[in-house]
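Notes to accompany the following structure.
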Amino acid sequence: MIDSPGGVSVGAALTQARANIEARRAEAMALVEIQIAALEAVIPPADLDQQAFRLNEAYCAANAVIDAASPFELIDLCRAASGLCDLIDGAPADQTFDWRIVTVHARSLRLLQTLPLEETAARNTVLDSLKMVADRKLPPRA
């Protein structure tokens, strides 16, 4: 019933939607915190048999960061978490994964979480460094 007779205006609906989303910000930031901590807590696998399970744990935590941060347009957190997901997706199952990638992404997410939004240069430096990791570790796209 938006913008139709007897309904609400588009402007009023958007204002209400923004207020509803903003009311959930604290909950989402708590979820981001929990998922970064979960990512930090993932134990590197002892062998290839455990690797898929551990990478799945890391992937799920990174994906949950994206789910919680994206409605609030926390693009930097989403980009860093997405980069980790891409690296995990691109990892050959028959080769040992460089676990430093998970550690670096977890620490970078923690740093991005604590840096003020106004610190765009510092935030961009973190994201550029993560992109360099991806560029080195992922096979070139055809």
Item to check | Boolean, LEU31 is open to solvent by 70 Å² or more (accessible area, probe 1.4 Å) and hydrophobic (A, V, I, L, M, F, W, C) | outcome: yes
Checklist outcome for this item: Considering residues that are open to solvent by 70 Å² or more (accessible area, probe 1.4 Å) and without any contact (Cβ under 8 Å) to a residue 12 or more places away in the chain, the number found within segment 68-84 is 2
Item to check | Subset of segment 120-133 [loosely packed, with under 15 Cβ neighbours inside 10 Å and within 16 Å of LEU77 (Cα to Cα)] | outcome: THR120, ALA121, ALA122, ASN124, THR125, ASP128, SER129, LYS131
Next on the checklist: Based on this model, can you work out whether SER108 counts as open to solvent by 20 Å² or more (accessible area, probe 1.4 Å) and either acidic (Asp, Glu) or closer than 30 Å to ARG18 by Cβ (or both)?
Outcome noted: no
Checklist outcome for this item: With the first residue restricted to segment 19-37 and required to be more than 10 Å from ALA68 (Cα to Cα) and without any contact (Cβ under 8 Å) to a residue 12 or more places away in the chain, and the second required to be open to solvent by 70 Å² or more (accessible area, probe 1.4 Å) and charged (D, E, K, R), Cβ contacts under 9 Å at 6 or more apart or on different chains are none
Item to check | Residues satisfying the stated conditions in segment 38-51, i.e. over 14 Å from ILE101 (Cα atoms), open to solvent by 70 Å² or more (accessible area, probe 1.4 Å) and in contact (Cβ under 8 Å) with a residue 12 or more places away in the chain | outcome: LEU48
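The values are calculated or read from the model by the stated rules, or taken from the named source; none is laboratory data. Note that the structure is predicted; figures quoted are calculated from it, not measured. Note that each Cβ is placed from the backbone with ideal geometry, even for glycine, and that neighbours are counted across all protein chains shown. What goes into the accessible areas is simple: the full protein's heavy atoms, side chains included, and nothing from ligands, DNA or RNA. Shrake-Rupley method; radii C 1.70, N 1.55, O 1.52, S 1.80 Å.
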